[in-house]
Amino acid sequence: LKHLKKWLYWPWAEYRTLRDAGLVLFTTAEELRLARESFWLYKARERLVGYGIQPREIPPGAAREEFLAQFPHLRDTRNLVYLSRIHPKKGCDLLINAFAKVADTNPALHLVLAGPADVHWLTELKALVHRHGLASRITFTGMLTGSLKWGAYDAAEVFVLPSHQENFGIVVAEALASRLPVLITYNVNIWKEIDQAKAGIVRADTQQGTDELLASWLAMPSTEREAMRQQALVCFEQHFEVRRVTEYLITALQDVVSGKALPHTSHETLDCSKP
């Protein structure tokens, strides 16, 4: 019903806005693909410019001790960290269930769930943790900011976000900037950049997909995990570092002013397999 209401509005307003724009800027290749597929009446001058964040003010690894001082029981554990809102769309329940299936494989494994939460959803998740008998193996930290947030990345061996929908995923870019491999779903719109850079593992936003994320990471040889850690920072610098993205944006604006913008891509001629 919501899509139908938008379609009735689309031909007379938003379609013309996109059609007549000098350029329509997109932050990810997946966002561009989805825009092409949302309404059959589509025509735009497209440009993928990306989206970026500042590099860390605190060097990767430098905030680890401050975080561990706050959560000393995590000092000698293999921490899998989730850092985002504790919300049903983020797949936290899938992550807890997946962790329950691998927890017995290594007593050092620990799941860290960091972020603000709705009280009722948090209560349900904690009840799920207790049903699995994992109260001592899963830590809810609440919202973390500043150096404590960076410390959560620094004390982890991998970042996990089994989300059902993310337009971009700032926390994913933060993890990459922290040299942290990421385990995400195809519903996180920067998954293509991460997959191509071999900076993480991508699976479906289902229970099976989330199970595979953790199982694949834990089965990976240490040499491959270290290589993925190195690629995480490379991926950040190439795609999500704000100065690099600013260069792409400036070039796009200059092309509009100089008339060098590409011709329209129409629904009839586009190839959605290629950004």
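The values are calculated or read from the model by the stated rules, or taken from the named source; none is laboratory data. Computed from a predicted structure; not experimentally measured. A quick note on method: Cβ atoms are made from the backbone with ideal geometry, for glycine too, and the neighbour counts reach across all protein chains shown. Just so you know, the surface numbers come from the protein's heavy atoms only, side chains and all, with ligands and any DNA or RNA stripped out. Shrake-Rupley method; radii C 1.70, N 1.55, O 1.52, S 1.80 Å.
Quick look at the numbers
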| item | result |
| --- | --- |
| Cβ-based charge dipole, the chain, positive-most Cα from A117, G259, L4 | L4 |
| Accessible surface, region 1-93, averaged per residue in Å² (probe 1.4 Å) | 57 |
| Taking the chain and dividing mean pair separation by its residue count, relative contact order in percent (alpha carbons under 8 Å, at least six apart) | 25 |
| Surrounding net charge for A63, when Lys and Arg each add one and Asp and Glu each subtract one, Cβ distance under 11 Å | -1 |
| Mean separation of Cα contacts under 8 Å (6+ apart) over length of region 64-206, as relative contact order % | 27 |
| Within the accessible area of region 1-135 (1.4 Å probe), percent carbon and sulfur | 56 |
| By average C-beta atoms within 10 angstrom, highest first, the peptides 3-13, 30-40, 68-78, 147-157 | 147-157, 30-40, 68-78, 3-13 |
| Computed P(r) (all Cα pairs; region 1-140; 10 Å bins; percent) | 9, 25, 21, 21, 17, 7, 0 |
| Antiparallel bridge percentage (DSSP; both residues within the chain; nearest 5) | 5 |
| P(r) of region 100-163 over all Cα-Cα pairs, binned every 10 Å from zero, in whole percent | 18, 51, 30, 1 |
| Span-like helix ranges in the chain, DSSP H, alpha carbon extent 15 angstrom or more, Kyte mean at least -0.5 | 92-102, 119-131, 207-219, 242-258 |
| Mean Cβ neighbour count within 10 Å, used as a protection proxy, ranking 48-60, 251-263, 124-136 highest first | 48-60, 124-136, 251-263 |
| Heavy-atom SASA rank of I138, I250 (probe 1.4 Å, accessible area, largest first) | I250, I138 |
| Highest to lowest packing among 192-200, 102-110, scored as the average C-beta count within 10 Å | 192-200, 102-110 |
| Surface/4 estimate of mean projected area, convex hull on alpha-carbon atoms of region 1-63, nm² | 6.8 |
| Solvent-accessible area per residue, Å², over region 120-172 with all protein chains present [probe radius 1.4 Å] | 42 |
| Shape of region 76-225, Cα gyration tensor, a/c cut at 1.5 | rounded |
| Magnitude of the charge dipole, region 1-126, Cβ model with Lys/Arg +1 and Asp/Glu -1, debye to 20 | 620 |
| Range of Cα positions in the chain per principal axis (Å), largest first | 59, 42, 32 |
| Cα-based shape type of region 187-248, given that a ≥ b ≥ c are square roots of the gyration tensor eigenvalues and the cut on a/c is 1.5 | oblate |
